[in-house]
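Below is one structure, written out as structure tokens, with a few remarks after it.
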Amino acid sequence: MDRPKLEVADVFRRYGEAYREQHGASMSTGQRRVMAAIEVCRTAALGGHMERCDKCGHERNAFNSCRDRHCPKCQSLARAQWLDDRKAELLEVPYFHVVFTVPEEIAAIALQNKEAVYSILFRTTAETLKTIAADPKHLGAEIGFFAVLHSWGQNLQFHPHLHCVVPGGGPSLSGDRWVFCRPKFFLPVRVLSSLFCRLFLESLERAFDAGKLQFFGALEPLQKRSAFTRHLAKLKERDWVVYAKAPFAGSEQVLDYVGRYTHRVAISNNRLLDIENDQVRFKAKDYRRGGQVKTMSLSAGEFIRRFLLHVLPNGFQRIRYYGFLGNRHREEKLAVCRHLLGMPQIEKDQTEMLTETDYRDRYEDLTGCSLRQCPQCRQGNMVVVQILPRWSAPSPAAVDSS
């Protein structure tokens, strides 16, 4: 794949210093770290190596990556590895895509309390799905699923929501048979929405009482218990959106979907169009008009501000697993699921070890794309002929690979 002509890094390198000078007092340590990492990613600042084609002699510098999970350039290998790990977990059942989102008023609170509100979003979404699925009136089964946090829309505004991928059914509560959901129907979204709203607001109220929430700026009045209670009362009357999409067409479509969503960042480099007159132009889908692709233009400062809205709390896990896909008992519970579905069991090869230490070998093994092939003659292989030391040493805080 050809490298995009423009990158988020170009915006940061050109306008980042001015942005920090103007907004530095309001920037978090995490936001500063992400900006610094993206600015130096795959540049001489991080060092690297020189490669030469063993056929035609073509030379190129290959600089090291920042490995920050917010960097648009550093997701390909992580995505490929994650997909490879998930392949063996696919079951021969339909898969559903369920999205949980929160009202704008909750999003405003989340922006000032990311870790607390994101955790509530994960916990209440999981409890909602598991509770309704276990109810004999609906499914009467233990389900398994994973949830992926997204905090953005196509215009880069703050819009926290969870994408859940759920197999269509699960072991019965007695564990002796597989319970299939109805064709093309997983669970009633109105029932999910009602329970999700109640559980979320109850958890938010408990977080307030425990002193885990802070409010400033326009939300400062919510520091008072009476004002916060009135605020929640209004939200009980709002529509809480739970959206269930049509089931995937098969396991290949599931993997294609999760590969696009799990390791996505706020905006990919291939959506950028140009940077002119201190304006950044990029492509954005308008879902209110059937996904029509439009062109948006933001000032460089506003583009940077919106991108930084989506920096995650340090160490926060944005992909989580529940039910029979929960990390603790995943292997044994998946074995039960395969047995109930009449699928062959997967024998774990104890000799299967990763012997490749070079990232280029691993990337080709996972994706089928070679990073060694000479881009000039397409015949030779690029061989490392010189190590390029980094010309500056960023602080350890500059890299977040969590």
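The values are calculated or read from the model by the stated rules, or taken from the named source; none is laboratory data. Worth saying up front: this structure is predicted, and the values here are computed from it rather than measured. Here Cβ is always computed from backbone atoms with ideal geometry, including for glycine, and neighbour counts include all displayed protein chains.
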Checklist entry - Pairs under 6 Å by beta carbon, first residue over 12 Å from L149 (Cα atoms) in region 103-124, partner among the charged types (D, E, K, R), six or more apart or different chains? => result P103/R238; A116/K212
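Residues are listed down the side, and each one gets a yes or a no for (1) assigned by TED's automatic domain parsing to the domain that holds P103; (2) at pLDDT 90 or above:
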site: A218; (1), (2): yes, yes
site: P221; (1), (2): yes, yes
site: E237; (1), (2): yes, no
site: A249; (1), (2): yes, no
site: V258; (1), (2): yes, no
site: L273; (1), (2): no, yes
site: N277; (1), (2): no, yes
Item to check | Tally of residues being small (G, A, S) and either part of a strand (DSSP E or B) or under 17 Å from the mean Cα position of the chain (by Cα) (or both) across region 127-157 | outcome: 5
Next on the checklist: Looking only at region 285-304, count every residue that is within 15 Å of R20 (Cα to Cα) and touching a residue at least 60 places away in the same chain (Cβ under 8 Å) and tell me the total.
Outcome noted: 4
Checklist entry - Out of all the residues in region 237-246, is one or more in contact (Cβ under 8 Å) with a residue 24 or more places away in the chain, among the aromatic types (F, W, Y), in a helix (DSSP H, G or I) and within 23 Å of L129 (Cα to Cα)? => result no
Checklist entry - Taking region 248-267 as the search range and keeping residues that are more than 16 Å from the chain's Cα centre (by Cα) and surrounded by fewer than 16 Cβ atoms within 10 Å (Cβ to Cβ), which one is farthest from K87 (Cα to Cα)? => result A249
Item to check | helices (runs of 4 or more DSSP H) within region 1-94 that include 2 or more residues of a type in the set (S, T, N, Q) | outcome: 29-40, 76-87
Item to check | region 326-348 - residue that is surrounded by fewer than 12 Cβ atoms within 10 Å (Cβ to Cβ) and basic (K, R) and, of those, farthest from the chain's Cα centre (by Cα) | outcome: K348
Checklist entry - Of the numbered conditions (1) free of Cβ contacts under 8 Å to residues at least 40 places away in the same chain; (2) assigned to a helix (DSSP H, G or I), A249 satisfies every one except a single condition; which is it? => result (2)
